Structure formats: C-alpha cells, structure tokens
Amino acid sequence: MGREINNTMASQKQQASATSYTVEQLISVNPYNPDILPDLENYVNEQVSSETYSLNANLCLLRLYQFEPERMSTQIVARVLIKALMAMPAPDFSLCLFLIPERVQMEEQFKTLIVLSHYLELYNIDLILSLYLHTQTARFRQFWDEAAKSRHILEAVPGFEQAVQVYAVHLLSLTYQKIPRSVLAEAINIEGPSLEKFVQDHVDNSGWTIEKNQSKGQLIVFPQNEFNHPELKKSSVDGVSLEHITRILPILG
C-alpha cells in the first residue's frame, strides 16, 4: 500500500512538471498562437493551487488577451495580478497591468488591486522618509485595512498574506538594525501567540535577536547587511538631497 501511494505521488509530481514544461514549450514555439489560451489559463490555476509562479507564462496570456479580448476571463486576470503582487518588490504587477485594457482596470476588483499595489510600492518610500523625518507612518496599517475589506478577492489565491509579510520584513530589515516589536506587529498584521511564533521562527532560522529596552519594550534586532549597517547608511544619507525628499512628499499626501 505504501509503495502504491508513493508511486501515485511520484506520478502526480511528474505530471505537474510535464504540464509546466509543455506550457513553456508552447510559449517558446509560438507565443502569439491563440489556440494556447486554454493551456495558459489552466496554468494560472495550477500556479494558484500549487503556489508556484511563472511571470513569463502570465505575460504571454495577457498579451494573447489583447488580441482576443472577447475571450478574456476577468477571474483569471485577477489571479494573475494577485500573483504579481505577491512577487513584490519585483515590478511584475506593473508589467502585467500595462497589458490590461483600461476599461478592464476600471472594474471594482481591479481598482482594489491597484490601490493595494500602490500601498505596497509606498512601503519603501515610507521607510526612507522615516529615517529622515524621524516619524512613523501608517502605510502598513492602511494596506492591511484595505486588504481586509477585499478578502473576497484575495482569498482566491493562497499565500497572499504570507507573501506580503515576507516583503514587509524584507524592507524593514534593509532599513533598520532594530525595531520595536509593535512596529513589526503592525507591518505584518500579526499579534498575540501568532506573533510570538513568527518572531521565534525568525530567531531560529533568520538570525534575528531580541533586545530589551526600558522605554520601547522589546526590540527585534535584524542581522547587519550592506543596507542597514550604520556606516553605509550614513553614506547613503549624505548622497540624497533634501530636494529629492521634498519631491516624494506630495506623492504621499
């Protein structure tokens, strides 16, 4: 029985790999053939169920929709955009959005995804400004509040919240050496026992350490890297003028 189960699982894995390979073959041979649309749509659903991702295949699908607009599935397009959001900080969302007609972008679900993408893109600007202005922004909170209202759209693609949490931690660790636990909790939208587990997992596997501070409470200390190291950060600050910062401020308004 055990051998049969293992053989079945191996067969399923081989089939999934074959499907992926076949799709990539179809794209490389004739990416503008409308007959491959069903294969590409099925491949999007496979990416969702297997929590994998292929920007190349998804861009090919969107380009074909441009030539065959009557065959466009807005459900598939929404899934493509959500997967692209999950790839932040890569510019995949903008690349995909460029191929989607404006009339489609005006649909409510797509307007929502565009708003969410703007919040994610502004994460980085927020963190840079906080270094200069010594302020804390509420952009993380705004994103998670918007995402909560759009759960019916986002829940179609497993792993969305986890992907955004990875992105938020990535930005924080590049910007700071240490942050209050409360800032981390807001950035990743986790609290209580779940936050304890999240922090402990990163202490065990990512080199985080915990530091006690009388005024700020518990601090999360990130490993040093070329971006959050004080000397390199000082060089970066010296190289950015106030004029550049003031140009950013109206965008955040």
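The values are calculated or read from the model by the stated rules, or taken from the named source; none is laboratory data. What you see is a predicted model; the values in this text were computed from it and never measured. Neighbour counts are summed over all protein chains in view; Cβ atoms, including those assigned to glycine, are modelled from backbone coordinates with ideal geometry. Just so you know, the surface numbers come from the protein's heavy atoms only, side chains and all, with ligands and any DNA or RNA stripped out. Shrake-Rupley method; radii C 1.70, N 1.55, O 1.52, S 1.80 Å.
Working only within the stretch 58-112, note down all residues that are touching a Ser or Thr at 6+ places or on another chain (Cβ under 8 Å) and of a type in the set (Val, Ile, Thr).
Once the filter is applied, which keeps residues that are touching a Ser or Thr at 6+ places or on another chain (Cβ under 8 Å) and of a type in the set (Val, Ile, Thr), the stretch 58-112 yields Val104, Thr112.
Test Ala138 against the criterion of being open to solvent by 50 Å² or more (accessible area, probe 1.4 Å), at pLDDT 95 or above, small (Gly, Ala, Ser) and on the phi < 0 side of the Ramachandran plot, and give yes or no.
It is false that Ala138 is open to solvent by 50 Å² or more (accessible area, probe 1.4 Å), at pLDDT 95 or above, small (Gly, Ala, Ser) and on the phi < 0 side of the Ramachandran plot.
Mind listing whichever residues of the stretch 61-76 are among the hydrophobic types (A, V, I, L, M, F, W, C) and either surrounded by 16 or more Cβ atoms within 10 Å (Cβ to Cβ) or under 22 Å from the mean Cα position of the chain (by Cα) (or both)?
From the stretch 61-76, those among the hydrophobic types (A, V, I, L, M, F, W, C) are 61-62, 64, 67, 72, 76; that's our starting set.
Within the stretch 61-76, Leu61, Leu62, Leu64, Met72, Ile76 meet the criteria.
Just the residues that are of a type in the set (Asp, Glu) and either open to solvent by 60 Å² or more (accessible area, probe 1.4 Å) or under 22 Å from Leu97 (Cβ atoms) (or both), please, taken from the stretch 26-60. First the steps, then the outcome.
Going through the stretch 26-60, the residues of a type in the set (Asp, Glu) turn out to be 35, 39, 41, 46, 51.
Those that are of a type in the set (Asp, Glu) and either open to solvent by 60 Å² or more (accessible area, probe 1.4 Å) or under 22 Å from Leu97 (Cβ atoms) (or both): Asp35, Asp39, Glu41, Glu51.
Which number in (1) open to solvent by less than 20 Å² (accessible area, probe 1.4 Å); (2) in contact with a Phe, Trp or Tyr (Cβ under 8 Å, 6 or more places away or on another chain); (3) modelled with pLDDT of 95 or more; (4) not small (Gly, Ala, Ser) marks the one condition that His202 misses?
Answer for His202: the failing condition is (1).
Output the qualifying pairs, or none if there are none: Cβ atoms under 8 angstrom, residues six or more apart or on different chains, first residue in the stretch 169-190 and within 21 Å of Ala87 (Cβ to Cβ) and open to solvent by 40 Å² or more (accessible area, probe 1.4 Å), second residue of a type in the set (S, T, N, Q) and modelled with pLDDT of 90 or more.
Partner pairs satisfying both residue conditions: Asn189/Gln165.
Sort out for me the helices (runs of 4 or more DSSP H) sitting completely within the stretch 50-114 that have 1 or more residues that are within 25 Å of Tyr167 (Cα to Cα) and in contact (Cβ under 8 Å) with a residue 12 or more places away in the chain.
55-67, 74-85, 92-97
I'd like the residue in the stretch 21-51 that is touching an Asp or Glu at 6+ places or on another chain (Cβ under 8 Å) and within 21 Å of Ser73 (Cα to Cα) and, out of all such residues, is modelled with the highest pLDDT.
Looking at the filtered set, the residue picked out is Leu37.
Of all the helices (runs of 4 or more DSSP H) wholly in the stretch 145-230, which have at least 3 residues that are touching a Leu at 6+ places or on another chain (Cβ under 9 Å)?
Working: elements: 151-154, 160-175, 181-188, 192-205.
By residue number, 160-175, 181-188, 192-205.
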